[in-house]
Structure formats: structure tokens, C-alpha cells
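Visitor: Have a look at this one.
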Amino acid sequence: MSESALLRVAGLRKVYGKSVVLHDLDLEVAEHDVVVLIGASGSGKSTLLRCIDLLETVDDGVIELRGEEITDPRVDADAVRARMGIVFQAFNLFPHLSVLDNITLAPRKVHGVGREQAEQRALEMLARVGLRERASAHPDELSGGQQQRVAIARSLVNDPVLMLFDEVTSALDPELVGEVLAMLRDLKTEGMTMLVATHEMGFARQVADEVCFLDDGRVLERGSPEQVLGEPQQERTRLFLRRIIEAGRL
Amino acid sequence: MTSDRPGDVPGQVELHDIENQAEPGWTPSARQRERDAYRRGRTLRSVLIAVASTAVVGGGLVAGLVSSPGWDRTRDTFFNWDVAVDAFPEVLAGFWINVKIFLISGACVLVFGLLLAVLRTLRGPVFWPLRALAVGYIDLFRGLPLILTLLLVGFGVPGLRLQGVPTDPVVLGCVALVLTYSAYVAEVFRAGIESVHPSQRAAARSLGLSGPQTLRYVVLPQAVRRVVPPLLNDLVALTKDSGLISILGAAIDAVRAAQIITAQTFNFTPYVVAGVLFLLLTIPLTRLTDYVSRRYGYLPAGGHL
Amino acid sequence: MISYRAPVAAGAVLLALLLPGCAPTDEPDSAATPSGSASTSACAPADLSTKTAGTLTIGTDKPAYSPWFVDDDPSNGKGFESAVAYAVADELGYDRTAVKWVTATFNSVIQPGVKPYDLDINQFSITPEREKAVDFSSGYYDVTQAVVTVKGSKAAGVKTLAGLAGLKIGAQVGTTSYKAITDVIKPTAGPKVFDDNDKAKLALANGQIDALVVDLPTGLYLAAADLKNGVLVGQLPATTSGTIEQFGIVLEKGSSLTSCVSQAVDALRGNGTLKTLETTWLTEAAGAPLLK
């Protein structure tokens, strides 16, 4: 674990009603690293990401971003969220706004950027994801893959220090998965720090600096992709990976 | 394009014409031409049968009605042209009052109703008093019959003789209408707000938007569009209840004007005239509702699965 | 498609045949018996075809106002109209126990159609328009309209009709009082119209209207006993000059009782009963100035 961790999670606990979703979870993400979270559904991946982005309040534990504790209730949560980007499985684009307006909303209203400047920046971002000519379209006119790329662009335009991805390709047709994963690869080469929850083992193998296997709200096993995916130590990890292989996704 | 085979319903759109636009230069085969000709024939036949049977039944109804005993007197009492022409100017003058009241109270109702709905959907324990206030208000004014509210506000309030409180029956009547209808409209807006998927809020917050910003730029635009049909429904109801303020002795509206004339002539045609005027207002409103809903109201869900 | 049409068409034809049955049937053409004409038919309970044999059913409004009725109870015989009603019943041969009272709202009485009462007495002025819809007996009281207000109102000190023209004047809808406003006073703001006099009185007490027009006896009663600090401004000249407005008893159009009731009223006028009842129940109107 490097000393200059961008994100540090220690002893995180989250309870929904009667079930404990996150049990005393520890995690560190170094700057410019890509950490991939794998695990069965219900293992807590989404909850972990939502807690990090302060969309949920934790029941115990600490989350630190660049050394600053963000789980402190006195911290301005909106400001923290503006420094992180999260992309969801269900795209969550704003259907009443055009693609361009979706992307310029946060810069204009949160960061106070002027309209012209924000639109210019947004168009650059759209060009980067290959969707510049769809700027005036509405989300329902785009394919799933295109919508997801717009969602990523929307988060990127805020210049976040950390990007969180919650199963962003799980809702896509197989042929569209590739274009989104390619985007994530590009982001890595640009040095973005990313925490990615995914089922795409191939991607994990190629891109991840570290793979963490979540089971029952804890990080059961962590290490380099070759270690965790190739020679898992824990029995449950092996079980999980075997199921994935059988499903043809490794 | 799906092709509707079962039953070969006559009158079905000839789909290959549409496909033709996507691929110009394509012409149908002889077999397809024969199918189209058959379908066209069937369509024509069913249209003719529909027209004929409508004419027969409709004509029969009208003939039966007109030749029945007492029809002349019914027509004279309710549909007397001369009385209608005489009554029209006064009833129309009264109708403008209805329209003005509707426009003014309608605008106030929309604003006040939205405010109540937002208060009601505030989250967090610190806002409990505001939520409770909103709930209490809505319960009260949805529960009171409008006519009671009108009498209480229209006659009761001036009776208190408070400083600076208006006593004009038109103003008080509008106040009573706004008080009551805001309660209904607030619930409609609330339904809209709560129907916006929480993932929309999550996405907005995750971008750094504050609570009020999320409400203003993400939630409310979607919420309001969704409830345009029931909202306009309530507004149509308001157009008709606008006339109730005449019980406060306010300006003479369409119904009151019709009542005055009827009291003198014992002919009910003025009521019919007033009714027609109301229909001329409400029916286009409902068609407008349909149009607006089709264009803006039915949004696809915000990308949630 | 074919299987639906036959029953639907049959149903529609059936409906068309039934509809005329619902249409109003023509009432028998009434050889209009003019009020007050002598009739050869006898006028005793046995001869009169009342709604209930042997009982005279009389209608009036609720609440029944003073000085026409007292304590909102028409059957106590107190109040001018209650007294007149029992006097007419007595002339026709019905004693007090044979008289039944029912409620009939003001507006419903002067509409054409079949009524649930034999006759109605409720300060109805005889007008040519109303006579097209209902029958009237001879007049039992000569009416003038009066303007009533409260102390401190803009109308309180007014002496002329012109002085009223800029004020808010109210009356009940469909009454001759309302007509008096539109035809005689002609206020610039137009008349203020109310469903009933109760609401009009409220508005007057609230200052929402400056004055109220009602018939003179009602006005005197309101000014003296009903309104707080009530003031009678004055009487109004007749709507159509040269005619005297009169209250009449209202009956169904073409009712067989009309001529007998008229005879009864004429008899009461002739033997001075009406005058006596007036003196007993209605305040002396001499003090009410005539507004010109």
C-alpha cells in the first residue's frame, strides 16, 4: 500500500434495516491507480461506491479523500461530491435535457462556469467520446452505449480527482460493452484514478492495478490481477471465479 | 416495422408504402399488389357499412326525438333561438368575469400548489414543522366543501372588520377558490415529484448539485411534465367553479346572468347559452391538455432499469 | 365485426322508440280562468280538488321571514301572511287543522309545472311575465319597494334617487326588488345580486353593499328589529308608473282552485279582514319618505 493514497477507506460499516451490507471494510486506492472490485451481487460493491460518493451516510468507519476525512458531518458534502465522479449502471441521464445540457448543468450551476465556456468544454468532451454530432439529441434517442458514454462525459467535465464506476457495462448489449471499456482504458492512460466495480474479468486482467474480491461486505482477497484472478487463495474466491468462467465471462 | 397479420384487419395501413420511403426504387410484386387490392376493397366496404349504419341509427334517433309529443315545448323552453339571441350579450358579459377569475386564480393556484408540494416533500427531520403545516393545510382545504370555504371567507372574513383585509366579494371569492384548489393541485404536484426515480436525485447529487438545485433543475422539470394531464384536469374544474363566487353577491357571472333572465322569462335557454359558453372554454382546454401531454408530458423513465 | 352490429343497431332503435315516452306530455290547454272572475262552481272543501282530499296544502319558503311569518313557523298563525293564509282557508271552509304547510323555495314557486302544494303565499308580486307561468289570486296587499341600510353606511343619509346611483345596492335574484334596482335606481356599478336575502343582509352588515332593496314591510322590520342600527332610507316609486304592485297567492297554472281562492281574497278585502290584519302585523308605513 503506497503512502500517497488518494482514497482511504477504513472500518466501513453500512446497515440497511436488519442486514449488514458492509462489515468493517478496508480499502486504499493510490493516485493514478485503477482498482477493480469484483464480487457477487449483494456483496456490497454498489453500496461501497455510493458510500464513498457520500450518497449514503455510513454507520461507522472512515473515508478519507487526499487525507481529508469526508465522512465528517461538518464537511460540505456537495463540494466533496463535485470532486468525484460516479457513473451508474443505469446511465441516469436527465431525460428532459439534451445531451449538451446534461453535461453543462453541473459546471454552470455548481462551478459557476459561464454558458459559452461550459458548452465549449462539453463539446470537447463529447468529441473525446465520439458523440459530438449528437449534442442536441435527447437521451432517449441514443443507444445504451452512447448514453453511457454521455454519462461518463458528464462526470468527467467536472474535473474529478477520482472516478467511480458501478457496473457500467452490465446493462449494455454485448457489442456496446467494448466501446465503453475502451473509454475506461483511455482514461487510465490519461492517469485518472478509478475505482471500478465490474463483472468484466478480461478488462480487469488488462487494465487493473489491483483487484479486490468483495464477499459478504468485506474485502476477502486483494492483489494484482494475476494473483487474484489466476491463483486465488481463498476458497470463496475460487468458487466465484469458477462460476464466472462457466458463464463464459472470463 | 411490425406487420399485423391476424385477421387482416381492413383499414390497416399499407406498410410497404412506409418502407418504400426508406428504400426508394423498390416496387411490390404481383402477389403483394393483389393483397393490397383485396385489403383496399375490404376497407372501402367496412367504411361504407359504418357510414350507412351511423346514418340510419342517427337519423332514426333524431326523427324519433323530433316527432315525439312534447318536443316542441322542450325545444321552446331549452333551445329557443330568439331568447338565446336576446340573452347572449348579458350572458357573454358575465362569462368574461368567469374567464378573468379563472385566469387569475388559476395562476395563483399553480404557484401556491407547487409551493405546498415542495414543502410537503422536504426531507430531513429539521423540516418537520413545514411538512406538518403543509399536510394540515391540504387536509383542511381538501376536506371542506368549496361552498363552505366561499361562505366563510366571503362573508365571515369581512365580518371580522380587520384592518387592511379586503372586503370585495370578487377578491374574497378568488381567495377561497385559490385556498381550496391549491390543496388539490399540491397533491397532484406531489405525486409528480415522488414519481421521479430516486436515481435521478442520486445522479444530480453526485454531480455536486445541492438539494435545492437538484429540485429546481432535475426533479421539478420532470415532475411537472409528468402531471400535466391531471393538472389541467383540475384547472378545467376550476373554470366551472369560478362561477360559484356569485353567491357572495360578487359581479354577475354567466350563470347568474342566465338565472336573472330565466327568472323573468321562465325560459331555460339562457342556461343552455351559458353552458355552451363554458363548453367552448373547457373543450379546447382539454384538447390542449391532450396535445401538451403527448408532446411534453410522457417522458421515458430517467434511464432507470 | 358483423356479430356486433345487429344488437347495437337494435338497441339504438329501441332507445329511439323509448325516448319520446320521456318527453314532456302536453298539459291540457287551460282555458285561463282570470283572477277574480265569478265562477259558478262551488268553493267548499268537498268541491275543491286539492292535492289531498279535505286538506289545503300551502307552501312557503324556509326560513319564513318576519313580518310575514313569526318564528319561522307558518302554522302558528302569526305574521301577516300566515294570518291571511288561515283567513283564506277559513273562507273556503277549511279549519285550522285541515291546513298543511310545506316548504317551497322562492325560485321554484314561479317556475311552470306541477307543484306539491295547492297554493303558495310568499311575498310574490303579480307580474305579467310570471302570469305566463303560474296562476295568481287577486292581490292581498299593495306593495312598494324600499331601500334599507345601516347607520354609518354611505346610503344612510340619502334623500334622492340620484344619491343612490353611485352606490352598491343589493337584492335577491328574480324578485321585483331586483327589478326596482335595474329599472328605477339604475346604479352605475350595476345591481349586486344574491341568492337570498339572508346573504344580502350579511353583505350589508359587512359593508360589502351600501344598501338593500326589499318590499316596504320587510324593510321596516329589518330596520327596526333585525339589522343592528338599521335605517330605512325610503320608499321607491313604482317600477311602471301608474300601476300598483300587489302580492298575490300563487297557484299552478290552470289550477281549478284559482277562482275560488280569488273569491276568498276578494271577500276578505270586502269585509275589512285584510285591513285589520295589516294593522295588526305590518308597521305603519307613513313615516317612510318617498325617494324621487
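Visitor: Can you give me the long-range amide H partners of C:V150? Hydrogens built in the peptide plane at 1.01 Å from N, cutoff under 5 Å, separation of 5 or more residues or another chain.
Guide: Distant-sequence amide H within range of C:V150: C:V231.
Visitor: Something else now. Which of the residue pairs C:K62/C:K115; C:K179/C:K199; C:K154/C:K201; C:K78/C:K151 have a Cα-Cα distance greater than 27 Å in the structure shown?
Guide: Checking Cα-Cα distances, C:K78/C:K151 exceed 27 Å.
Visitor: So, one more: Could you pull out every residue, at least 5 positions away or on a different chain, whose amide H is within less than 5 Å of the one on B:D168? Hs are placed 1.01 Å off N in the peptide plane, and Pro or chain starts have none.
Guide: none
Visitor: Have a look at A:V196, A:V99, A:V75 and tell me which one the Gaussian network model of chain A (Cα, springs below 10 Å) gives the largest fluctuation.
Guide: A:V75
Visitor: Run the reach check for B:K100 against aspartates and glutamates, Cα to Cα strictly under 20 Å, same-chain hits fewer than 8 apart removed. What comes back?
Guide: B:E90, B:D168, B:D234, B:D241, B:D253
Visitor: Measure out, as a whole number of angstrom, how far apart the alpha-carbon centroids of the range C:95-122 and the range A:190-250 sit.
Guide: The distance from the Cα centre of the range C:95-122 to that of the range A:190-250 comes to 93 Å.
Visitor: Within the range C:182-245, which trypsin sites (Lys or Arg not before Pro) sit in a loop by DSSP and count at most 15 neighbouring Cβ atoms inside 10 Å?
Guide: Here the trypsin sites (Lys or Arg not before Pro) that fit, given the DSSP loop and packing criteria, are C:K228.
Visitor: OK, next. Hey, got the dipole for the protein assembly as shown? About the Cα centre, +1 on K and R Cβ, -1 on D and E Cβ, debye to the nearest 20?
Guide: My answer is approximately 640 debye.
Visitor: In whole angstrom, how far apart do the alpha carbon centroids of the range C:174-194 and the range A:52-121 sit?
Guide: Each part reduced to its Cα centre gives a spacing of 68 Å.
Visitor: Next question. Where in the range B:150-209 are there trypsin sites (Lys or Arg not before Pro) that are in a DSSP coil and have at most 12 other Cβ atoms within 10 angstrom of their Cβ?
Guide: Passing sites in the range B:150-209 are B:R161.
Visitor: Pick out which of B:V85, B:V292, B:V165 has the largest mean-square fluctuation in a Gaussian network model of chain B, springs linking Cα atoms closer than 10 Å.
Guide: Ranking B:V85, B:V292, B:V165 by mean-square fluctuation puts B:V165 first.
Visitor: With just the Cα atoms defining each centre, how far is the range B:18-73 from the range C:72-88? Give it in Å.
Guide: If we compute the Cα centre of each part, the gap is 70 Å.
Visitor: Now for a separate question. What's the average, rounded to a whole number, of partner chain beta-carbon atoms within 10 Å of each residue's beta-carbon in B:259-267?
Guide: Mean shielding count: 6.
Visitor: Using only atoms on other chains, find how many Cβ atoms lie within 10 Å of each Cβ of peptide C:173-183 and report the average.
Guide: Shielding by partners across C:173-183 averages 2.
Visitor: Under 10 Å, Cα contacts only: if you run a Gaussian network model on chain B, which one of B:L248, B:L280, B:L172 comes out with the highest mean-square fluctuation?
Guide: B:L280
Visitor: If you don't mind, there's one more thing I want to ask. Take the alpha carbon gyration tensor of the range A:126-190, find the square roots of its eigenvalues, order them as a ≥ b ≥ c, and report rounded if a/c is under 1.5; if not, report prolate when a/b exceeds b/c, else oblate.
Guide: Taking the square roots of the gyration eigenvalues as a ≥ b ≥ c, the range A:126-190 is oblate.
Visitor: If we sort C:92-104, C:147-159 on the protection proxy, mean other Cβ atoms within 10 Å, highest first, what's the order?
Guide: By packing density, highest mean first, the sequence is C:147-159, C:92-104.
Visitor: Using the 10 angstrom Cβ neighbour count as an exposure proxy, how do B:V56, C:V213, C:V70 rank, fewest first?
Guide: Starting with the residue having the fewest Cβ neighbours, the order is B:V56, C:V70, C:V213.
Visitor: Going by the alpha-carbon gyration tensor, a ≥ b ≥ c the square roots of its eigenvalues, is the range B:87-297 rounded (a/c under 1.5) or, if a/c is not under 1.5, prolate (a/b greater than b/c) versus oblate?
Guide: Oblate shape, in that a/c is at least 1.5 and b/c is the bigger or equal ratio.
Visitor: Given labels modelled 7 Å from the Cα in the Cβ direction, how far is it in nm from A:R205 to C:E129?
Guide: Output for this residue pair reads 9.6 nm.
Visitor: Additional query: Output wanted: per-residue J couplings in Hz (rounded whole) for the range B:262-279, from phi through Karplus 6.51 cos²θ - 1.76 cosθ + 1.60, θ = phi - 60°, x for Gly and Pro.
Guide: 4, 5, 8, 9, 6, 10, 8, 4, x, 4, 4, 4, 4, x, 4, 4, 4, 4
Visitor: In peptide A:77-87, how many Cβ atoms from other protein chains are near each Cβ within 10 Å, on average?
Guide: Taking the mean over all residues of the peptide, I get 4.
Visitor: List the lysines whose Cα lies under 21 Å from the Cα of A:K14, skipping any in the same chain that are fewer than 8 positions away.
Guide: A:K45
Visitor: Follow-up. Does the range B:191-305 classify as rounded, prolate or oblate by the C-alpha gyration tensor (a ≥ b ≥ c root eigenvalues; a/c under 1.5 gives rounded; else a/b over b/c gives prolate, otherwise oblate)?
Guide: Taking the square roots of the gyration eigenvalues as a ≥ b ≥ c, the range B:191-305 is prolate.
Visitor: Let me ask something else about it. Seen from all sides and averaged, what is the projected area of the convex hull of the Cα atoms in the range B:210-275, in nm²?
Guide: Directional mean of the projected Cα hull area for the range B:210-275 stands at 6.7 nm².
Visitor: Something else now. Can you list the HN-Hα couplings for the range B:43-51, worked out from phi with the Karplus curve (6.51, -1.76, 1.60; θ = phi - 60°), rounded to whole Hz and with x for Gly and Pro?
Guide: Calculated HN-Hα couplings, in order: 4, 4, 4, 5, 5, 4, 4, 4, 4 Hz.
None of the figures in this text is laboratory data; all of them are computed from the coordinates on show. Just so we're clear, the structure is a prediction, and the values are computed from it rather than from any experiment. So basically every Cβ, Gly included, is an ideal-geometry build from the backbone, and we count neighbours across all protein chains shown.
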